[in-house]
Amino acid sequence: MTLPVPVVWSEDCLLHEPGGEVWLGVREDGTEVPARALVLRDTLMAAGAPVVPARPHDDGILRTVHDPELVDHLARLWPDWVAAGFPAQYGRDRAVPYVFPTTGLLAGLPLRSPPAVHGRAGRFCYDTMTLVGPGSWAAIRGAVDAALTAADLVGSGERLAYALCRPPGHHVTRAAYGGSCYLNNAAIAAQALLAAGAGRVAVIDIDAHHGNGTQMIFYDRPDVWYGSLHVDPGAGWFPHYAGYAAERGRGDGDGFNRNLPLPPGTGDDDWLAALDALCAEARALGPDAVVVSLGLDAAATDPESPVRVTEAGYRTAGRMVASLAPTVLIQEGGYDLPTLGALALATLEGAATTAYS
Ligand SMILES: [Zn+2]
């Protein structure tokens, strides 16, 4: 069959070369590499999917979802790093923070913007694995445009659209980035769908890791429901500080957040049963649109998680989520280059069988 799902693509997504990640004090090669995007694009194109170029969008929705200071920080960090001489004079070829203004450090003091870029680098970043280099900003912004273009398609009547976002986004809160993510593409797509007229959006996050950023962006709101299945952070997995079952939302958003943490080693049966429970809860809300944070790192082949889902499991997952409402799929994690394309294709084929039936 020819894959009918529009694939939104930004060439700029290839420009981000994080140059590895500093994990537990050691710089390693990292797995969030440009080749991921190429494998995904080439596999879906070979299956006949129509490729839609990401359209440039203004910052309106972006600066609603994120603290505008975070957006400005990401745009300025690399040029300021270069101007300070770090790559040329000191051999620091990527911007990596070393001081983090935690709430305990500030103890009530106002959060300043330190004049020195190396002091400022940790102001909005919460880990050492999310490096910024020369092409990072163009790729980050290109991924946002891809998400917004896919939301435009669904907002104007398409049943299904897939945004091939790179870098991924679901770990980014309103004002803090980390986890190889810089801006929250899925949250931006959800906000765009609301702006296009949806009364309620359900975000379903099937990445192997909890989407702490998306959860917290909508934590106090009833108009975007967030549901996630992911490896239990209590079993020692990123993002460690969020993703627990007791996190149900707050204030007006109380009851609009659902986490289903799963033990390491979870396979298709239990993973799909958890997804079925999430879909039932989402369906009961009657969402006008769905955003799927499509992480492919729950696959058994993936090096970044202990979840053991098969290609058939992802195909079924695609079928399930797309049956709820018009759906925007946003690419999140997924790092096993030999199997990545087939996993995405299976998910999109599954989604297409319900979306276009
Ligand atoms: Zn992940």
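The values are calculated or read from the model by the stated rules, or taken from the named source; none is laboratory data. Keep in mind the model is a prediction, meaning the values are calculated, not measured. A quick note on method: Cβ atoms are made from the backbone with ideal geometry, for glycine too, and the neighbour counts reach across all protein chains shown. The area values use the complete protein model at the heavy-atom level, side chains included, leaving out ligands, DNA and RNA. Shrake-Rupley method; radii C 1.70, N 1.55, O 1.52, S 1.80 Å.
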Sort 206-218, 167-179, 123-135, 254-266 for me by packing, meaning the mean count of neighbouring Cβ atoms within 10 Å per residue, highest on top.
-> 206-218, 167-179, 123-135, 254-266
Apply 1/(1 + (r/R0)^6) to the Cβ-Cβ distance of Met1 and Leu105, taking R0 = 56 Å, and write down the FRET efficiency to the nearest 0.05.
-> 0.50
In whole percent, how big is the carbon plus sulfur part of the accessible area of region 158-305, probe 1.4 Å, protein atoms only?
-> 51 percent
Could you state the accessible area per residue of the chain in Å², with a 1.4 Å probe and every protein chain left in place?
-> 37 Å²
Calculate the spin-label point distance for Ala195 paired with His240, positioning each point 7 Å from the Cα along the beta-carbon direction, and give it in nanometres.
-> 3.5 nm
Find which of Tyr126, Tyr219, Pro68 sits farthest along the positive direction of the dipole of the chain, computed with +1 on the beta-carbon of Lys and Arg, -1 on that of Asp and Glu, about the Cα centre.
-> Pro68
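Kindly provide the Kirkwood hydrodynamic radius of region 202-351 in Å, to one decimal, from all pairs of distinct alpha carbon atoms.
14.9 Å
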Simple spin-label estimate for Asp42 and Ala273 in nanometres, 7 Å along Cα-Cβ = 4.0 nm
Candidates Ser305, Ser136, Ser156, ranked by Gaussian network fluctuation over the chain, Cα under 10 Å, top entry | Ser156
Descending Cα extents along the principal axes, region 303-357, whole Å = 34, 19, 18
Measuring from label point to label point, each 7 Å out along Cα→Cβ, what is the Glu28 to Ala312 span in nm?
-> 3.2 nm
What does the convex hull of the Cα atoms come to per residue for region 80-167, in Å³?
-> 141 Å³
Rank-order 6-13, 292-299 by packing density, defined as the average count of other C-beta atoms within 10 Å over each peptide's residues, highest first.
-> 292-299, 6-13
On the accessible surface of region 64-139, probed at 1.4 Å, how many percent belong to carbon and sulfur atoms?
-> 60 percent
Mind putting together the pair-distance distribution for region 100-248? All Cα pairs, 5 Å bins, whole percent per bin, short to long.
-> 2, 9, 16, 20, 19, 15, 11, 5, 2, 0
A student asked for the Cα radius of gyration and Dmax of region 201-277 in angstrom ought to give 11.8, 35
Can you tell me the FRET efficiency between Ser113 and Ser357 if r is taken as the Cβ-Cβ distance and R0 is 51 Å, rounded to the nearest 0.05?
-> 0.45
Measuring from its Cα centre, the chain shows a charge dipole (+1 at each Lys and Arg Cβ, -1 at each Asp and Glu Cβ) which, in debye to the nearest 20, is 580 debye
Stokes-Einstein at 20 °C, 1.002 mPa s, Kirkwood radius from Cα pairs: D for the chain in µm² s⁻¹?
-> 107 µm²/s
Check: region 2-110 dipole with +1 on Lys, Arg Cβ and -1 on Asp, Glu Cβ, in debye = 60 debye
Hydrodynamic radius by Kirkwood for region 1-97, inverse mean 1/r across distinct Cα pairs, in Å, is 16.6 Å
